[in-house]
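Student: The structure that follows is given in the form of structure tokens.
Please treat every number below as a calculation from the coordinates, not as lab data. Quick caveat, the model's predicted, so the values are computed rather than measured. Neighbour counts are summed over all protein chains in view; Cβ atoms, including those assigned to glycine, are modelled from backbone coordinates with ideal geometry.
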Amino acid sequence: EHTPCPNCLNLFHKIKIGGRGTTYCPYCQENPYRPFVIGITGPIHSGKSTASNYFLKKGFVIFDADKEVANLYKQEVIKKHLIDLFGKDVINKNEIDKAKLTHLLQDKNNKKALMDYLYPILYKKAEEFINKASSNVILDVPLLYSSHLDNLTDFVILIDSNLENRKSRIEKEGRDSISLLKINATYPLNFVKKKASIIIDNDQGLLNLYKQLDLIKIPNGYKYQ
């Protein structure tokens, strides 16, 4: 573990087979002792959750990063750290003031400080989720590459959608599209397009989205087919 694969130079991962430890390269070798892990990423309201829920109906289990972060925000140790970062006004009635936090995260330095703190925690939770999974896994993570959770995936789907459609979806939920789109303006779309295994357009309706998702097949060599 933590030594590079001689073929691709990525780090070996450690697994157990029959109670004995061994290593394998997740980039060069299939692993029949783990589920197939698909990462789903994309800008805000591009349709990530819709895609994840479609895979849920097909038997996948979902690690939803947004929900995990929401649960983290309920923990006292996390609240204390946010007070240290942003001041006591970020808490209202012993809960994270989401409107205040959204405003604070429009500042890129504030956003980086929060992500630097949360991402390692989120990574560990995702790793534990995969290890305990009883089916193939979806990692629904908006900032998949920034959080380095892409290192846990076998395949990455970028769900893309034009700005007007995303704005409309936000407003249909009664949320502040201006603030949310401003926070999301730094989403590294061009970088992710180069890194993703497949890019799926979500501007042509649900049936078209599902048709594109159906093209993705689980390769042989994984625990669950």
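Student: For the chain, find the longest principal axis of its Cα atoms and tell me its angle to the long axis of helix 48-57, 0 to 90°, nearest 10.
Tutor: 40 degrees
Student: I need the shape label for the chain. Rule: rounded when a/c is under 1.5, else prolate if a/b > b/c, else oblate, with a, b, c from the alpha carbon gyration tensor. Write out the running numbers ahead of the final one.
Tutor: On the way: a/c = 1.97, a/b = 1.31, b/c = 1.51.
Cα axes put the chain in the oblate bin.
Student: Now a separate question. For the peptides 198-208, 150-160, what is the packing order when you average, over each peptide's residues, the other Cβ atoms within 10 Å and list the highest mean first? Present the calculation step by step, with values, prior to reporting the outcome.
Tutor: Numbers: 198-208: 14.2, 150-160: 21.2.
So the order, starting with the most tightly packed, is 150-160, 198-208.
Student: For segment 143-225, taking Cα atoms only, what is the radius of gyration to one decimal and the Dmax to the nearest whole Å?
Tutor: 15.2, 45
Student: Where in the chain lies the longest segment free of trypsin sites (Lys or Arg not before Pro) that are both loop residues by DSSP (not H, G, I, E, B) and have at most 15 other Cβ atoms within 10 Å?
Tutor: Numbers: sites that count: 58, 74, 93, 175, 217, 223.
Segment 94-174 is the longest.
Student: What whole number of Å gives the distance from the Cα centroid of segment 67-103 to the Cα centroid of segment 160-196?
Tutor: The two parts, judged by their Cα centres, are 23 Å apart.
Student: Per DSSP H run of n ≥ 4, the term is -39500 (n - 2.57); total these for the chain, divide by its residue number, and report the mean residue ellipticity at 222 nm rounded to 500 deg cm²/dmol. Before the final figure, lay out the partial values.
Tutor: Values: 9 runs with 93 residues, N = 225.
For the chain, the value works out to -12500 deg cm²/dmol.
Student: From the mean inverse distance of alpha carbon pairs (Kirkwood) and the Cα radius of gyration, derive Rg over Rh for segment 29-136. List each step's numbers first, then the result.
Tutor: On the way: Rg = 16.4 Å, Rh = 15.9 Å.
Dividing the radius of gyration by the Kirkwood radius yields 1.03.
Student: So, one more: To the nearest 10 degrees, how steep is helix 163-172 against the longest Cα principal axis of the chain, on a 0 to 90 scale?
Tutor: 70 degrees
Student: Something else now. With +1 on the Cβ of every Lys and Arg and -1 on the Cβ of every Asp and Glu, and nothing else charged, how large is the dipole of the chain about its Cα centre, in debye rounded to the nearest 20? Don't skip to the answer; put the middle values down first.
Tutor: On the way: 33 positive and 25 negative charges, 52 e Å.
About 240 debye.
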